[in-house]
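Student: One structure follows; several queries about it will come next.
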Amino acid sequence: MEFLLKAEHSTVYIIIVTIVAALLSYFFYRNSSIKNPLKFILQFIRFLAIWLIFLLLLSPVLSFFSEITQKPINIFLIDNSLSLNIENRDSLTTDLLNNIIPDIENNKSENKYFLFSKGLEEEIKEDEFDSIKFTKINNLETNLSTTLLTLLEKYENKNISSVNIISDGIINSGGNPSHSAKMYNIPINYFLIGDTIQKPDLLVKDIFFNKVTFVESQTPLKIEINSYGFDKKIKVNLYEDSNLINYQFIDVNSNSNSYDISFKLSSPVEAIKKYKIEVEEEPNEITFKNNYRELFTKYIDNKFKVLVLSGGPSADFAFISEEIKNIENFEAEFRTQKTANEFYEGQVPDLNNFQAFIFIGYPTSISNISLLNDIKESIERNESSLFFIASRNTDYKKLSLLENNLPFKAVSISESEKEIGVKTVSSITQDAIRNLEVLKSVNSLPNLFKSGTVFSINPESETILISSSGEPMLVIQNTAKNKSAAFLGHGLYKWRLTPGITNSEQVLNAILTGVIISITDKEKRKKFSINTSKQVYSPYENIKFTGTINDITLKGGMKIKIKIYNDDFNERIELQKVGNFDFEGLININTTGDYYYTGELYSKGRLIESDTKKLSIGENNYEYKYTRSDKSILNYLSLTTGGRDFTNMEINKINDFIIQVNSQETETVISSENIFLNFNLYYLFIIILLLTTEWVLRKRNNLP
């Protein structure tokens, strides 16, 4: 054992303190009549007492050091995910644990064994290998990155000699674990379980669909099918609530593994419908557990309440209003300006009842500014959308009152006009507008008119139609604070007056419906949203609910409660707040079946809004997306860390490698113990003892 005395001050300070203590002791007894050796003893005691008192000011620390030798630790990580059920890989793992692993050298090291799937699970003993229950709970994915990080935390100050992974190599979560492995700087070895040759299999690899869509509309369901080892026609079925509603045949062959198909989903009524995609089973498949996927789609009312304001009777207004009336999704009210304060159809209704406003040549020079301000306030308060359609009589100065609610600004106003053609831009995103194929017919329609006013288009806007000279004609802006669109030409009536043009109504319908739907997202208007991390859960999984409040104006006592129910189950939970507007909560349901869940948003004890969706408790087949054992990731880890592939290696060679690694990894750790003298009672006792001893000696020798 060694010790070291440390202090906060420098060595120079300690030397000065020593000199001062020695001088004080010398001068105190210099003229004393006491003879040596007593005089020397008293001087030394006084010196030592003064010196120790000065040292109290230095915050001295006395450190004791000792060496401890740590035994190397070999970690064995045993895959415990559902993919171990394929090809009896769990039995192969058990055989390995019983017949190979116990013989790996551990006389000079310590072996520890852990199960892993989503992360590091419980530690197991050698005598428990026979009783290991693989894939017993919640092991629906394989995350090696998290496992290695958790292991590193658990053995942060231990002497890990090697990490040995027993797995089929199907790593499907957490990304590539190479970063986690590099933090160890120790060899990672592996035993690969299962066959690397792909066996015959058919599976539903991925599905792409809309979780929420409108009634009476068709939404696509796109599916990726994988086929291995089959040359034939296979059948893919589509079920709606257990009823077969459609199917397709696919010709598969050995030259290609991936195939894409699609179905159209629709519903005439509001509902939450469950769909199942199933590839019909074929003999000799390695597993049937991946032949299907299930999903839920919620159909919501697609009726839009629209207020149409016209600057006055016109041929354009007649054409546009007629087409609006033919759109079933629109519940429209019309107001045609007569005077500044009058409309032909009557008074303007409550503006708060409308999700969208359409201006057709409105406002004009006689329009009421007070009404424009009311519309502006309603749009901003209710997050409504605005679609402006130009006319010859538009008053752009008055329209500038709403320039923050439009996708453009009028920079230079002119009363001139010119005749121009209209055409689509080279590329239009599906999110911007629907019915793209119909919209392209605009390229063959008659010319329109465009005002000489110069417009500045907002940078956040997307241009859908342009003039023959390249000027924007139809622009859309769909941002958090501005949901608007503008058609900057007029003379639309010409489209239906020209002989031989038969689809002008369809084009106008595509513009009207596409624009309103794209800028009036009913789901985004909700004050909150509630979701689950996925739609299908295993009985062993925790269902994770996340809630987000979209209305940031709500203040005080905000809570989100969840009701989960079906005919035989009814449970409620309250989500915990994890951010200013974010909430989370967990629940486990171990009975299979379909369940509704209703989220309820409360503020200050008052119910603000609710939303209902659906989930299923069944078999989560995520682990069966890949069925072939894959050593690529494990092999990369071993190569980059200096490890080995132990899969088919003889036990004596495995032992030789482990012994070599263990001898290199034997560590001597310096253990230290610190004593802070200025807070130590023994230190204070020594000072008191020295002063007391001096006093006693002085009294016995009749010194004052």
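The values are calculated or read from the model by the stated rules, or taken from the named source; none is laboratory data. Here the structure is a predicted model, which is why all the values come from computation and not from measurement. Note that we place each Cβ from the backbone using ideal geometry, even for glycine, and neighbour counts take in every protein chain shown.
Student: Could you please let me know if G557 is surrounded by 14 or more Cβ atoms within 10 Å (Cβ to Cβ), on the phi > 0 side of the Ramachandran plot and not aromatic (F, W, Y)?
Tutor: On the way: surrounded by 14 or more Cβ atoms within 10 Å (Cβ to Cβ): no; on the phi > 0 side of the Ramachandran plot: yes; not aromatic (F, W, Y): yes.
Judged against the criteria, G557 is not a match.
Student: How many residues does region 238-253 contain that are β-branched (V, I, T) and either surrounded by 15 or more Cβ atoms within 10 Å (Cβ to Cβ) or under 15 Å from I272 (Cα atoms) (or both)?
Tutor: Looking only at region 238-253, we keep the residues that are β-branched (V, I, T), and these are 245, 250, 252.
Within this subset, residues satisfying the condition of being either surrounded by 15 or more Cβ atoms within 10 Å (Cβ to Cβ) or under 15 Å from I272 (Cα atoms) (or both) are 250, 252.
Number satisfying all stated conditions: 2.
Student: Please give the strands (runs of 3 or more DSSP E) falling wholly within region 436-517 in which 2 or more residues are β-branched (V, I, T).
Tutor: So the answer is 454-457, 462-467, 472-478.
Student: Six or more apart or on different chains, Cβ under 6 Å: which pairs go from a residue in region 163-179 that's in contact (Cβ under 8 Å) with a residue 24 or more places away in the chain and in a strand (DSSP E or B) to one that's among the aromatic types (F, W, Y) and surrounded by fewer than 23 Cβ atoms within 10 Å (Cβ to Cβ)? Could you list them?
Tutor: Sorted first by the residue in region 163-179, then by its partner, the pairs are N164/F76.
Student: Within region 241-293, how many residues are out of contact with any Lys or Arg (no Cβ under 9 Å at 6 or more places or on another chain) and small (G, A, S)?
Tutor: 3
Student: Quick one: in region 625-646, of everything that is over 23 Å from the mean Cα position of the chain (by Cα) and closer than 20 Å to I286 by Cβ, which residue is surrounded by the fewest Cβ atoms within 10 Å (Cβ to Cβ)? Break it down stepwise before answering.
Tutor: To start, the set of residues in region 625-646 that are over 23 Å from the mean Cα position of the chain (by Cα) comprises 626-646.
Okay, now just the ones that are also closer than 20 Å to I286 by Cβ, so 626-632.
Values: Y626: 21, T627: 26, R628: 18, S629: 22, D630: 18, K631: 17, S632: 10.
By that ranking, first place goes to S632.
Student: Given the criteria in contact with a Ser or Thr (Cβ under 7 Å, 6 or more places away or on another chain), within 27 Å of T520 (Cα to Cα) and at pLDDT 95 or above, does F357 qualify? Can you show your working first?
Tutor: Values: in contact with a Ser or Thr (Cβ under 7 Å, 6 or more places away or on another chain): yes; within 27 Å of T520 (Cα to Cα): yes; at pLDDT 95 or above: yes.
When the stated conditions are applied, F357 passes them.
Student: If you check K264, K305, which single one turns out to be in contact with a strand residue (DSSP E or B) (Cβ under 7 Å, 6 or more places away or on another chain), closer than 21 Å to I516 by Cα and basic (K, R)?
Tutor: Numbers: K264 fails: closer than 21 Å to I516 by Cα.
Answer to the check: K305.
Student: Got a number for residues in region 258-292 being under 30 Å from K325 (Cα atoms), among the small types (G, A, S) and part of a strand (DSSP E or B)?
Tutor: Going through region 258-292 one residue at a time, the tally reaches 1.
Student: A further question on this structure: Does at least one position in region 611-623 carry a residue that is touching a strand residue (DSSP E or B) at 6+ places or on another chain (Cβ under 8 Å) and of a type in the set (F, W, Y)?
Tutor: No, region 611-623 has no match at all.
Student: Quick check on my filter: what residues within region 173-207 are modelled with pLDDT of 90 or more and β-branched (V, I, T)?
Tutor: Residues satisfying the conditions are I188, I193, T196, I197, V204, I207.
Student: Another question about this same structure. Which numbered condition in (1) within 30 Å of E270 (Cβ to Cβ); (2) of a type in the set (V, I, T); (3) crowded, with 20+ Cβ neighbours inside 10 Å is the only one that I608 fails?
Tutor: In the conditions (1) within 30 Å of E270 (Cβ to Cβ); (2) of a type in the set (V, I, T); (3) crowded, with 20+ Cβ neighbours inside 10 Å, I608 misses (3) alone.
Student: Identify the residue in region 201-220 that is surrounded by fewer than 16 Cβ atoms within 10 Å (Cβ to Cβ) and among the charged types (D, E, K, R) and, among all such residues, is nearest to the chain's Cα centre (by Cα).
Tutor: Per the criteria, the residue is K211.
Student: Have a look at A356, A390 and point out the one that is touching a residue at least 60 places away in the same chain (Cβ under 8 Å) and touching a Gly at 6+ places or on another chain (Cβ under 7 Å).
Tutor: Details: A356 fails: touching a Gly at 6+ places or on another chain (Cβ under 7 Å).
From the options A356, A390, the qualifying one is A390.
Student: Quick check, is S385 closer than 29 Å to T553 by Cα and among the hydroxyl-bearing types (S, T, Y)? Don't jump to the end; show me each part of the working.
Tutor: Numbers: closer than 29 Å to T553 by Cα: yes; among the hydroxyl-bearing types (S, T, Y): yes.
Judged against the criteria, S385 is a match.
Student: Moving on to the next point. Let me spell it out: the conditions are (1) without any contact (Cβ under 8 Å) to a residue 24 or more places away in the chain; (2) of a type in the set (K, R); (3) surrounded by 13 or more Cβ atoms within 10 Å (Cβ to Cβ), and K563 meets all of them except one. Which number is the exception?
Tutor: (1)
Student: Taking the condition within 24 Å of the chain's Cα centre (by Cα) and assigned by TED's automatic domain parsing to the domain that holds I100, does S161 pass?
Tutor: On the way: within 24 Å of the chain's Cα centre (by Cα): no; assigned by TED's automatic domain parsing to the domain that holds I100: yes.
Answer is no for this residue.
Student: Just give me the residues in region 452-465 being in contact with a Ser or Thr (Cβ under 8 Å, 6 or more places away or on another chain), over 14 Å from F388 (Cα atoms) and surrounded by 16 or more Cβ atoms within 10 Å (Cβ to Cβ), in sequence order.
Tutor: T453, E462, I464, L465
Student: Can you tell me which residue is modelled with the lowest pLDDT among those in region 407-434 that are polar (S, T, N, Q) and either surrounded by 15 or more Cβ atoms within 10 Å (Cβ to Cβ) or under 32 Å from the mean Cα position of the chain (by Cα) (or both)? Step through it out loud before you land on a result.
Tutor: Of all residues in region 407-434, those polar (S, T, N, Q) come to 412, 414, 416, 424, 426-427, 429-430.
Remaining after also requiring either surrounded by 15 or more Cβ atoms within 10 Å (Cβ to Cβ) or under 32 Å from the mean Cα position of the chain (by Cα) (or both): 424, 427, 429-430.
Working: T424: 85, S427: 61, T429: 53, Q430: 45.
Selected residue: Q430.
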